[in-house]
Amino acid sequence: MSSDFPDHNQLLRNKLSLNKLPRDFYLQNTFKVAQNLLGTYLCTQINHQITAGKIVETEAYIGAIDYAAHSYPNKRTKRTAIQFGLGGYAYIFLIYGMYPQFCVVTEDYNICNVVLIRALEPIIGMEVMQERRKINSKKGTSQGVIQTKQIANGPGKLCIALGITTAMYGSDLCGAPIWLSAATEPVADALIMATPRIGIDYAGEFALKPWRFYLDGNDYVSRQHGAAIPLNWLSSDAFEIEDAN
């Protein structure tokens with residue numbers, strides 16, 4: 001049956017495909033990128049299937065001084081080489097030798113900073129994501145809702161859901177098959193919370209830095225961790241970087 005009404009999902013797919021974040025976005029200060037990525041969309045197109053999720057949680061990593069950064073202290077290896085390039089490229093690595101993690105390279109050449117995408121709210125291609133994650137959302141209403149929230153509420157989960165693999169390492173995020181699209185509505189600073197990052201207890205003083213950001217009240221954030229502080233309560237000192245040279 002034909003309809004005079006537009007397909008909302010198709011309109012959104014078209015918008016996400018056309019409204020890619022420009023290179024200049026990624027060349028901003030890394031903390032600004034990490035905060036401004038909240039509400040934008042991480043998208044992939046694999047075998048003609050588009051999947052996308054709204055970014056609801058990020059973490060910033062500062063290569064020159066941050067003990068938790070893979071490139072600390074400005075260490076260039078085969079794995080971290082892409083971090084020394086221009087912002088707007090994909091840094092993808094494995095944890096435990098099997099789970100991919102997706103990061104956005106930021107700032108100018110030889111800065112070696114990245115933003116880890118920690119959690120997404122699934123938006124487009126839900127069935128494809130469920131299949132990739134081997135999740136059945138039809139096991140009764142409450143269980144189905146819980147499982148849907150778990151599709152991409154972690155850095156490894158979201159990579160599996162969107163089909164992101166280490167083969168995409170170094171991909172230009174202004175191109176394809178993986179890209180980021182602008183937010184469809186602004187995100188108020190009052191909705192952004194800051195906490196210490198997750199899983200980096202080994203990082204000394206940097207384990208306590210409030211360099212993790214998430215959307216307050218969003219059900220798809222990975223988990224609570226540490227004392228959450230509204231971003232607009234923090235002074236600029238929380239994001240000052242001492243010169244490593």
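The values are calculated or read from the model by the stated rules, or taken from the named source; none is laboratory data. Note that the structure is a prediction, hence the values are computed from the model and not measured. Neighbour counts are summed over all protein chains in view; Cβ atoms, including those assigned to glycine, are modelled from backbone coordinates with ideal geometry. Keep in mind that these areas ignore ligands, DNA and RNA; they rest on the heavy atoms of the full protein, side chains included. Shrake-Rupley method; radii C 1.70, N 1.55, O 1.52, S 1.80 Å.
Observations on the structure shown:
- About the Cα centre, charge dipole magnitude for the chain (Lys/Arg +1, Asp/Glu -1 at Cβ), debye: 960
- Order of exposure, largest accessible area first, which applies to I123, I200 with probe 1.4 Å: I123, I200
- The stretch 72-105 and the stretch 48-71: distance between their alpha carbon centers, rounded to Å: 10
- Candidates M98, T30, L11 compared by Cα position along the dipole of the stretch 1-134: farthest toward the positive end lies M98, with charges placed on Cβ.
- Cut-off of 10 Å, at most 11 other beta carbons, DSSP loop: longest stretch of the chain lacking such chymotrypsin sites (Phe, Trp or Tyr not before Pro): 110-245
- R223 - accessible surface, heavy atoms, 1.4 Å probe, Å² rounded to 10: 120
- With a Förster radius of 25 Å applied to the C-beta separation of D237 and Y67, the computed FRET efficiency comes to 0.85.
- Listed residues I200, L162, G217: farthest to the positive end of the dipole of the chain (Cβ charges): L162
- Accessible-area value, S236, 1.4 Å probe, nucleic acids and ligands omitted, Å²: 80
- Portion, in percent, of the accessible area of the stretch 62-142 that falls on carbon or sulfur, probe 1.4 Å: 51
- Over the chain, accessible surface divided per residue gives 50 Å², non-protein components excluded, 1.4 Å probe.
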